Structure formats: C-alpha cells, structure tokens
Amino acid sequence: MAVFFNELAVLIFYKKRDLQNHLLHLRKEGKRIGLIPTMGALHVGHLTLLEYIKEYCDVRLCSIFVNPTQFNNAEDLEKYPRPIERDIDNLKQAGCDLLFMPEVSEMYGENEEWYIELGELDSILEGAFRPGHFQGVTQIVSKLFDIVKPDVACFGQKDYQQYLVIEKMTRLLEIPIELKLCPTVRETDGLAMSSRNVRLTEKGRAQALIIYKGLIYFQQHIEHGNFERCKIKVIEMLESVPDLKLEYVEICDLNSLESLTDNATNETVIALIAVWIDGVRLIDNMIIHVEN
Ligand code: PAF
C-alpha cells in the first residue's frame with residue numbers, strides 16, 4: 001500500500017494509481033478538487049495559493065515534483081532546494097488535504113517526447129532566456145492535470161508568463177479546468193517570495209531589492225508615451241548594482257506579452273524584470289494601470 005498517513009495528517013501519495021483511486025472516492029462524494037502544482041521548497045507564497053484556492057474547491061491537493069524537463073541548466077536542477085520534511089510540515093499547518101510526491105520514474109518514461117505549439121509565448125522573455133522551459137512546464141502540468149483531473153488549479157502571478165502558457169495549453173488541449181492566478185506574495189521589504197531566494201547571500205538578498213524598486217518606479221512613473229524613458233531609467237537602476245546581470249526589462253501587453261512601445265494605448269500593462277544576482281536567477285512583475 002503506497003498511501004501513508006504521516007503524523008502530520010497530510011495524506012501523501014507517491015503513485016499515480018493510488019492517488020487516482022482516492023480521488024475517485026472523493027469525486028463520488030461530489031467533492032471539487034483543487035490542485036496546486038509546486039516543485040517544493042514551499043514558502044508563504046505557496047501557502048497563500050493553498051489559502052486562495054480554498055473558496056473554489058472542497059479538497060486541496062498539492063503536488064511536489066522537481067520537474068527535470070523544465071530545467072535548461074543542470075546546475076539549477078541540482079541546486080534546487082528540496083527540504084521535504086519542512087514542506088510536509090508547512091502543508092499540514094496550512095490545512096492541505098493531500099500531497100502527491102512522485103518519483104521521476106513515476107511521471108516519465110524513457111526518452112519521452114513532447115511538443116506543443118505555444119506560438120510567440122514560447123520564445124519571448126522567459127522563453128528566450130530559458131529555451132525549452134515552457135515545453136517542460138506544459139509537459140508536466142498536462143500530466144498532472146491528466147492524473148488528477150482537478151476542477152480548479154492555482155498558479156502564482158510571479159510566474160505570469162507560465163500562467164499564460166498553461167492557460168493556452170488548456171485551451172489547445174481542451175482541458176476542462178478553471179485556472180486561478182494568485183497575486184504575488186512579497187517579503188515585507190518587497191522582494192517577491194521565491195524558492196530560489198534562500199540561495200542568495202546576505203549581500204545578494206539586499207541587492208535583489210532593486211527589482212522591486214524598479215517595478216515601483218514603473219508603477220509611479222508610467223504614462224502613455226513614456227514607456228521607453230521609463231525602461232531606460234529602470235535599466236540604469238538595475239545596472240547600477242555591481243555584479244547584477246540583467247536579462248530583460250519589458251513593458252508588455254497583459255494578454256499576449258507583446259512588448260509595448262511608446263505608441264501603446266493599453267490601459268493596463270505588465271512590467272517584467274529578470275536578473276541574475278549571486279548566480280541566482282530572479283524574476284518579478286507588476287500589473288500597472290497606465291495614467292494618461
Ligand atoms: O511554478 C512551478 O513551480 C513549476 O513550474 C510547476 C508549475 C510546478 C511545474 O513544474
């Protein structure tokens with residue numbers, strides 16, 4: 001029997017079949033299933049997703065799976081934090097009902113191939129700097145959706161492009177599911193919560209605040225006609241931090257993530273930033289209402 005009640009009272013499943021059998025019973029009772037896919041190293045941001053999804057389902061299922069196919073950097077995969085005991089404890093405190101924690105061999109066969117046509121979304125911003133990343137994300141998320149068949153799934157706004165990619169995938173594959181986007185959770189000083197933050201040195205942690213400051217600059221200064229000027233200013237701010245490596249600063253359309261120029265008339269835009277600090281890749285974004 002591969003189902004365990006651990007002392008923390010979260011039902012843990014390691015095998016797809018066991019999870020599916022359990023879900024079958026819940027569905028017969030008319031329960032709505034909510035899924036929160038994660039790669040573990042849970043922080044308050046993840047636990048907020050659990051809280052957020054509560055009102056849309058009866059049973060909350062969290063998955064923890066460090067998905068190898070979405071890493072285009074072997075070192076990043078190897079260094080990805082895996083504090084599993086602490087994760088389980090956090091899930092229990094957050095009132096999570098079920099945890100799915102499969103091995104790689106449970107999720108992938110030998111040399112599995114996958115490709116889904118995501119269009120521009122696959123090759124811009126994150127897609128440009130992490131080739132193949134979104135193919136890996138859609139591969140694992142489609143597997144999770146197929147195994148769990150959740151009524152609703154929740155993702156964080158910090159990975160906004162990922163959310164749009166998953167939304168597109170569900171449309172293309174006609175997966176009947178409700179997707180929810182949960183606002184980014186920040187530390188009190190503004191840094192977006194991320195599992196990668198623990199890898200920052202004290203100095204890097206302090207330097208990383210410039211990302212939030214850049215987003216706030218956009219929020220306070222963006223007007224129609226000054227997008228380029230604002231971008232130049234934020235790039236200057238970021239580049240003034242020694243050792244920071246800038247990947248992108250963009251102001252984009254909220255639906256397509258197409259980069260917007262000074263001619264844009266969008267009422268709402270999204271500003272996105274990606275940088276490396278201390279050998280750690282950090283991303284963040286902010287949805288902004290543009291003043292005329
Ligand atoms: O956002 C993440 O943690 C991952 O990309 C996800 C959605 C769990 C897929 O592995």
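What follows draws every value from the coordinates through simple rules; no lab data is involved. If you're wondering where the values come from, they're calculated on a predicted model, not measured in any experiment. Cβ: placed from backbone, ideal geometry, glycine included. Neighbour counts: every protein chain shown.
A few points about this structure:
- Among LYS54, LYS28, a tally of other beta-carbon atoms within 10 Å of each Cβ gives an order, fewest to most, of LYS28, LYS54.
- Of GLU250, GLU126, GLU187, the one that fluctuates the most in a GNM where the chain has Cα springs shorter than 10 Å: GLU187
- Ratio of Rg to Rh over segment 127-194 (Cα coordinates, Kirkwood Rh, two decimals): 1.01
- Cβ-derived FRET efficiency at R0 35 Å, GLU236 paired with LYS54, nearest 0.05: 0.25
- Put simply, the C-alpha atoms of the chain give a gyration tensor, and the ellipsoid matching it has half-axes of 34, 21, 18 Å, longest first.
- Gain upon complete extension [SER259, LEU209; 0.36 nm per residue less C-alpha separation]: 15.6 nm
- Packing-based exposure ordering (other Cβ within 10 Å, fewest first) of LEU91, LEU164, LEU26: LEU26, LEU164, LEU91
- The value obtained for segment 82-142, namely the Cα convex hull volume divided by the number of residues, is 138 Å³ per residue.
- Counting every alpha-carbon pair across segment 53-121, the share separated by more than 15 Å comes to 69%.
- Projected label distance in nm at GLN220 and LEU172, using a 7 Å step from Cα toward the beta-carbon: 4.1 nm
- Candidate cross-link partners of LYS203 among the aspartates and glutamates, defined by an alpha-carbon separation under 15 Å and a same-chain spacing of 8 or more, comprise ASP189, ASP243, ASP278.
- Summing charges over neighbours of HIS221, with a neighbour being any other residue whose Cβ is under 11 Å away from its Cβ, gives +1 when K and R count +1 and D and E count -1.
- Contour minus Cα-Cα distance for TYR115 and TYR248 (0.36 nm per residue): 45.3 nm
- For the chain, averaging the sequence separation of C-alpha pairs within contact (under 8 Å, six or more residues apart) and dividing by the residue count gives a relative contact order of 16 percent.
- With only Cα atoms counted, segment 140-292 has Rg and Dmax values of 16.8, 48 Å.
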